[in-house]
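*Asks:* Dropping a structure here in structure tokens format, bear with me for questions.
Here, each number is a calculation from the coordinates, and none is a lab measurement. Just so it is clear, the model here is predicted, and its values are computed rather than measured. Cβ coordinates were reconstructed from backbone atoms using ideal geometry, including for glycine residues, and neighbour counts include every protein chain displayed.
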Amino acid sequence: MNDRERLRSVFGQDAERYDRCRPGYPSQLFDVLTAAVGEGARVLEIGCGTGQATVPLAGRGFALTALDRSEEMVKLAREHLAGYPSARVVVEDFESWELPPVGFDLVVAATSFHWLDPELRMAKAADALRPRGALAVVSTHHIAGGSEESFTRIQRCYERFDPRTERGRRLPAADEIAQDPDEFHRSGRFSPPEFHHYEWEATYAVDAYLDLLMTYSGHRAMPDSAREQLLTCIGRCIEEDGGTITKRYLTQLAFAQRLG
């Protein structure tokens, strides 16, 4: 098992924590998707987790099929979607899933596309779409802003307890996050992508922020002792700065149509 597969496998280990802690997505993002394909469109979501994007998609009236490889994640997603008869959630790995004979109008991957096999993800996403259907790839980034002094101090905790940490790393500004169309171009299957950006903030108490960190694969994969020391150090920084921390997010949507 390579590192990508190993880290990808950790999300289902604590689905309830993931469901409780992971933030959703800005509503404007779903406005863009609805305007592009129309209500009632057939939509495939790849890597739905416990439903952070799935529920808003179902709420827009899409005929939705959502996939996730984790039975624990799917169980919670199904509970959240109980009131949406046009939505179904399936325990499947997208790479090995057999595509249905009728293509989708939209394929959505919300903070999941980077976990897919880079050798086949663009081609299989295109194959899942009808002609002129669209692929929406959503990514989430931690950017400069919010409690910047706290995060500067927290960086030193990572440098001390996680040897993988780049020393002196700083959070990027929103305009430093790359808009990267290369993978779309190289595939030969999609139009040049449109990019949409949404900046927003969330404030966390100490326990809530440490809980959130435990939903990230890199933290979960650390040795227990190092992780415990890291979280203790981070918690101490937040406590010393007033007991809460504000994280600034950038959500990026890359949207492109299938060619042909």
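*Asks:* Could you tell me which of rounded, prolate or oblate describes the range 138-260, using a ≥ b ≥ c as the square roots of the eigenvalues of the alpha-carbon gyration tensor, with rounded for a/c under 1.5 and, failing that, prolate when a/b is larger than b/c and oblate otherwise? Can you show the working numbers first?
*Replies:* Details: a/c = 2.59, a/b = 1.99, b/c = 1.30.
In terms of gyration-tensor shape, prolate.
*Asks:* To continue, here is another question. Determine the dipole magnitude for the range 114-260: charges of +1 sit on the beta-carbon of Lys and Arg, -1 on that of Asp and Glu, nothing else is charged, the reference point is the Cα centre, and the result goes in debye to the nearest 20.
*Replies:* Charge dipole of the range 114-260: 520 debye, to the nearest 20.
*Asks:* Over the chain, what is the percentage of antiparallel beta bridges among all DSSP beta bridges, to the nearest 5?
*Replies:* Counting only bridges with both partners in the chain, antiparallel ones make up about 55 percent.
*Asks:* Something else about it: How far apart, in nanometres, would the label points at E149 and H114 be if each is projected 7 angstrom from Cα along the Cα-to-Cβ direction?
*Replies:* Label-label distance for E149 and H114, simple model: 3.0 nm.
*Asks:* Another one. Could you list the GluC sites (Glu not before Pro) in the range 164-260 that lie in coil according to DSSP, counting only those with at most 12 other Cβ atoms within 10 Å of their Cβ?
*Replies:* Sparse-neighbourhood loop GluC sites (Glu not before Pro): E166.
*Asks:* State which helices in the chain qualify, where a helix is a whole DSSP H run, it must extend 18 Å or more along its own axis by its Cα atoms, and its mean Kyte-Doolittle hydropathy must be at least -1.0.
*Replies:* 224-240
*Asks:* Is the range 74-150 rounded, prolate or oblate when judged by the Cα gyration tensor, a ≥ b ≥ c being the square roots of its eigenvalues, rounded requiring a/c under 1.5 and prolate requiring a/b larger than b/c?
*Replies:* Judged from the Cα gyration tensor, the range 74-150 comes out oblate (a/c at least 1.5, b/c at or above a/b).
*Asks:* Could you give the dipole magnitude of the range 148-227 about its Cα centre, charging the beta-carbon of Lys and Arg +1 and that of Asp and Glu -1, in debye to the nearest 20? It would help to have the intermediate numbers written out before the result.
*Replies:* Numbers: 11 positive and 16 negative charges, 98 e Å.
My answer is approximately 480 debye.
*Asks:* Next up: Quick check: pseudo-label points 7 Å beyond the Cα along Cα→Cβ at R186 and R130, how many nm apart are they?
*Replies:* In this crude label model, R186 to R130 measures out at 3.1 nm.
*Asks:* Non-local amide H neighbours of V90 (under 5 Å, H modeled in plane, Pro and chain starts lacking H): which ones?
*Replies:* A66, L67, D68
*Asks:* No other cysteine beta carbon under 4.7 Å away is the test; run it over the chain and list who passes.
*Replies:* Within the chain, the cysteines lacking a partner Cβ under 4.7 Å are C21, C48, C237.
*Asks:* Suppose every K and R has +1 on its Cβ and every D and E has -1 on its Cβ; what is the size of the dipole of the chain about the Cα centre, in Debye to the nearest 20?
*Replies:* My answer is approximately 300 debye.
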